[in-house]
Structure formats: structure tokens, C-alpha cells
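Derivation of every value follows stated rules applied to the coordinates shown; laboratory data play no part. The model shown is predicted, which means the values in this text are computed figures rather than measured ones. FYI the Cβ positions are ideal-geometry reconstructions off the backbone, even for glycines, and counts take in every protein chain you see.
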Amino acid sequence: MLSVLIARPLEAAQALAEQIDLPGVQSLVMPFYTFAAQTPDLDVAAWLGSTKGRRLVVFTSPRAVEFGLHWIPENQRSALEFATVGDATRLALEAAGVTVSWLPEQGYTSEDLLALNALRSDPGAALVMCAPDGRGVLKPALQDSGWLAENVMVYQRVAIAPVKEQLDRLMAADSLLTVWTSTSALEGAEQNLPPEAWSKILGQPALVISSRIKHHLQARGAADIHMANGPGNPDLLQSIRTYVEDHHRWQREI
């Protein structure tokens, strides 16, 4: 039996787990953090009102939309350009009635967004709506391109420690595939798992959505790392299916 450990936040992890209906595969939902609102240090409305020229607001995740959009007065939004890192964030903004101006042409990382020519020319003022430890590359890269950029911390991650039942299932798994969509989850796992559980994870195959997460795992000793098709649950589900098909084919051949 293959156990697929899903380290996404609870709602997204449960949704993915419900879709994994494969013979010989069971899901293990194990989020390592949840989210909570945070009041930003910056007065967003006043800052936007005091800046001239292009004014850009970058939302780094659907949570940034959930916790951050209300800080931007509706009467200011029509004069702003909005950018998102991924498609799920775009959909969250559009559901709130906001038109997205800039989205990566390919990919779903901060670097993909920063590659857009429109963000490397004619700079103005930019706000990055994020968590305290999120998307650290955006602000300095925008500043390097001439933008007056500030991070706006509108939400925070709150660590979750796995319960005994989750740990027992993890340690009892004969075969394991772990799924990672953020380095924050990996850091939470390293900090909150018993050493033997963390060692087991590093010794088993992992599915990741970015080279940043891959490098984070490699730096801690993991070797069997697979790149997912994308960051959303449909992409992850297809990647899990591909892994299972290859895994079962390999088992039949030995």
C-alpha cells in the first residue's frame, strides 16, 4: 500500500485526498500550518494615495487576496494595476471583481512573474501583499528594476504539529510519497516531526512544485524528488497518478 502524505493547508489537502481514488493508494493529510489575519504595519490607502505614476499591487496567493484585498479602498482600485503569481490567485481576485493586469506567461513562480517585460520597464510604486515569510524575492527584484516597492504583511502562517494518529500512520507506511507545495510546510515538518519521522520523509520519494522546494529538500539530504505538473490540485493529482503508474510498472518488472 502506497501512502501519499499531503502537506498542503487543510482545506486544499482534504480536497486533493478526496480525489485520489487509486488501487493500492491511501491518503495521509498532514498540514503543517494554517492561516490567520495580520494587520499590516503600512497604511495601504495612504501609501497608494501618496504615490505617483504606475501603481502596482502584487498578490502572492489566494490567502493574500482573502486577507489583503479589503485594505485597498474600492475607490482606489480602478487606478491600480494588479498582478498575481499564479492562476488560483487570479481567480480569487476576479471573483472579488478585480481585473488582473499581469500574470506569468508561463509557469507559476515569483521569477516567472518578474520575467514579464511590463514589470521591468517604466517602473512606479508597487505593493506586495504577502505573509511575513512569503515571496521574499519579489520586493528586492522589483526594487532592482526601479520600483518603489514595499511588502504588506496581511496574513501569517500558524504552525500545526501532527497528532499521534497521523504520526502512527506515517511511521507504519510501507511505501510513502510526500507532496510539498511550500518551503514553509517543509520547515514546519522539520521543526515539528520527531527525528525518526523526519528522517523517514527524507528517505522516501517526494513530489514538489518548484525548484526552490526541490533544492530545500536536497539540502537536507533527500534524493528521490519528482517535479509536479503545477501547483494546483488537478496538476498534483495527475502527477500522483503518473508516479503511481510508474511505481507499479517498476514493481511488476522486478
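Here the extension length gained between E18 and D224 equals 71.6 nm, from 0.36 nm per residue of separation less the Cα-Cα distance. Identify which of the listed values of Cα Rg over 2.2 N^0.38 Å was calculated from the structure shown: (i) 1.24; (ii) 1.10; (iii) 1.03. Read-out taken from this structure: (ii). Across the stretch 144-152, coupling constants 3J(HN,Hα) worked out from phi with the 6.51/-1.76/1.60 Karplus curve, θ = phi - 60°, read 4, 8, x, 7, 7, 10, 9, 7, 10 Hz, and Gly and Pro carry x. A Cβ-based charge dipole, computed about the Cα centre of the stretch 36-157 with Lys and Arg at +1 and Asp and Glu at -1, lands at about 140 debye.
Projected over every direction and averaged, the convex hull enclosing the alpha-carbon atoms of the stretch 115-210 yields 7.8 nm². Is the shape of the stretch 176-254 best called rounded, prolate or oblate, per the rule: a/c under 1.5 gives rounded, else a/b larger than b/c gives prolate, else oblate, with a ≥ b ≥ c the square roots of the Cα gyration tensor eigenvalues? Oblate, because a/c is 1.5 or more while a/b does not exceed b/c.
Overall, the chain carries a charge dipole of about 280 debye about its Cα centre when +1 sits on the Cβ of Lys and Arg and -1 on the Cβ of Asp and Glu, all other atoms neutral. Distances between placed amide hydrogens fall under 5 Å for S3 paired with Q26, S175, L176, L177, all partners being 5 or more residues away or on another chain. The phi torsions of the stretch 192-197, fed into the Karplus equation with coefficients 6.51, -1.76 and 1.60 and a -60° offset, translate into couplings of 10, 8, x, x, 5, 6 Hz, rounded to whole numbers, with Gly and Pro shown as x.
Kindly identify the stretch 33-125 as rounded, prolate or oblate by the Cα gyration tensor criterion: order the square roots of the eigenvalues as a ≥ b ≥ c, call it rounded if a/c is under 1.5, otherwise compare a/b with b/c, prolate if a/b is larger, else oblate. Taking the square roots of the gyration eigenvalues as a ≥ b ≥ c, the stretch 33-125 is oblate. Working note: 222 nm ellipticity from helices only, DSSP H runs with n ≥ 4, each -39,500 (n - 2.57), summed and divided by the residues of the chain, gives -11500 deg cm²/dmol to the nearest 500. Considering only beta bridges that DSSP places wholly inside the chain, some 15 percent are antiparallel. Note on the stretch 36-157: antiparallel DSSP beta bridges, both residues inside, total approximately 10 percent of the bridges counted. Restricting the GluC sites (Glu not before Pro) of the stretch 74-173 to loop positions (DSSP other than H, G, I, E, B) with no more than 12 neighbouring Cβ atoms within 10 Å leaves E105. Comparing Q156, Q143, Q76 in a Gaussian network model of the chain, where Cα atoms under 10 Å apart are tied by springs, the biggest mean-square fluctuation is seen for Q76. Near the amide H of F35, within less than 5 Å, lie the amide hydrogens of V158, all on another chain or at least 5 residues away, with H placed in the peptide plane. Here r is the Cβ-Cβ distance between K164 and Q76 and R0 is 51 Å; the resulting FRET efficiency, rounded to 0.05, is 0.55.
Remark: the stretch 169-185, residue by residue, has Karplus-estimated 3J(HN,Hα) of 5, 4, 5, 7, 5, 6, 9, 9, 10, 9, 10, 10, 10, 7, 6, 4, 5 Hz, where x stands for each Gly or Pro and the curve is 6.51 cos²θ - 1.76 cosθ + 1.60 at θ = phi - 60°. Excluding same-chain neighbours fewer than eight residues apart, the lysines reachable from K200 by a Cα-Cα span under 22 Å are K164, K214. For N151, the residues 5 or more places off, or on other chains, whose built amide H falls under 5 Å of its own are V128.
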